[in-house]
1. Determine which single condition Arg23 fails, assuming it passes every other condition in (1) outside any helix (DSSP H, G or I); (2) surrounded by fewer than 15 Cβ atoms within 10 Å (Cβ to Cβ).
2. Answer yes if at least one residue in segment 75-86 is surrounded by 13 or more Cβ atoms within 10 Å (Cβ to Cβ), modelled with pLDDT of 90 or more, of a type outside the set (A, V, I, L, M, F, W, C) and more than 12 Å from the chain's Cα centre (by Cα), and no otherwise.
3. Within segment 72-85, count every residue that is under 15 Å from Ser20 (Cα atoms) and either assigned to a loop (DSSP other than H, G, I, E, B) or touching a residue at least 40 places away in the same chain (Cβ under 8 Å) (or both).
4. Just a yes or no: is a residue in segment 8-18 under 22 Å from Asn77 (Cβ atoms), under 10 Å from the mean Cα position of the chain (by Cα) and modelled with pLDDT of 90 or more?
5. Within segment 56-71, is even one residue at positive phi, outside any helix (DSSP H, G or I) and open to solvent by 30 Å² or more (accessible area, probe 1.4 Å)?
6. Any chance segment 35-43 includes a residue that's buried (at least 16 other Cβ atoms within 10 Å of the Cβ) and without any contact (Cβ under 8 Å) to a residue 24 or more places away in the chain?
7. Going residue by residue through segment 32-54, is there one that turns out to be among the small types (Gly, Ala, Ser), part of a helix (DSSP H, G or I) and at pLDDT below 95?
Amino acid sequence: MNRDIFEDKVLFLKRLHYLSVHRGSKESDFVLTKFANTELPHLNDSELKIYYDFLNEDDNDIMNWVMKKITYPMQYNFIMQKIYSLLDL
């Protein structure tokens, strides 16, 4: 049973990484690839779920959050703070 949970998590991490890297715009690809490569291995299960929800947001919204043009939803605070840190914003 533990092996199934581990395999499921490995597949979920791979899916999250893929969704991070293949966004549709070069800007979001750059930002989310950097986040995925450095942060995904360190996220706990609940953070991974929130990151999955984050990846389902519109790219324009995500980039507007990154550029601080609009306020991001608070459930994404830990993601955005890590992105700002990675980008030195």
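1. The single condition Arg23 does not satisfy is (2).
2. Looking only at segment 75-86, we keep the residues that are surrounded by 13 or more Cβ atoms within 10 Å (Cβ to Cβ), and these are 76, 78-80, 82-84, 86.
Filter again for modelled with pLDDT of 90 or more, leaving 76, 78-80, 82-84, 86.
Now drop any that are not of a type outside the set (A, V, I, L, M, F, W, C), which leaves 76, 82, 84.
Now drop any that are not more than 12 Å from the chain's Cα centre (by Cα), which leaves 84.
There is at least one residue in segment 75-86 that is surrounded by 13 or more Cβ atoms within 10 Å (Cβ to Cβ), modelled with pLDDT of 90 or more, of a type outside the set (A, V, I, L, M, F, W, C) and more than 12 Å from the chain's Cα centre (by Cα).
3. Selection size over segment 72-85: 3.
4. The answer is yes; a qualifying residue exists.
5. From segment 56-71, those at positive phi are 68; that's our starting set.
In the following step, the residues that additionally are outside any helix (DSSP H, G or I) were identified as 68.
Applying the additional criterion that residues be open to solvent by 30 Å² or more (accessible area, probe 1.4 Å) yields 68.
Yes; the residues of segment 56-71 include at least one that is at positive phi, outside any helix (DSSP H, G or I) and open to solvent by 30 Å² or more (accessible area, probe 1.4 Å).
6. Initially, segment 35-43 is screened for residues buried (at least 16 other Cβ atoms within 10 Å of the Cβ), giving 35-36, 39-40, 43.
Imposing the further condition that a residue be without any contact (Cβ under 8 Å) to a residue 24 or more places away in the chain reduces the set to 36, 43.
Looking for residues that are buried (at least 16 other Cβ atoms within 10 Å of the Cβ) and without any contact (Cβ under 8 Å) to a residue 24 or more places away in the chain, one finds at least one in segment 35-43, hence yes.
7. Narrowing segment 32-54 to residues among the small types (Gly, Ala, Ser): 36, 46.
Next, from what is left, pick out any that are part of a helix (DSSP H, G or I): 36, 46.
Pick out the ones that are also at pLDDT below 95 and you get 46.
Yes: one or more hits.
The values are calculated or read from the model by the stated rules, or taken from the named source; none is laboratory data. As the structure is a prediction and not an experimental result, all values here were calculated from the model. In this analysis, Cβ positions are derived from the backbone assuming ideal geometry, glycine residues included, and neighbour counts consider all displayed protein chains. To get the accessible areas, we keep the full protein, side chains included, count just its heavy atoms, and leave off ligands, DNA and RNA. Shrake-Rupley method; radii C 1.70, N 1.55, O 1.52, S 1.80 Å.
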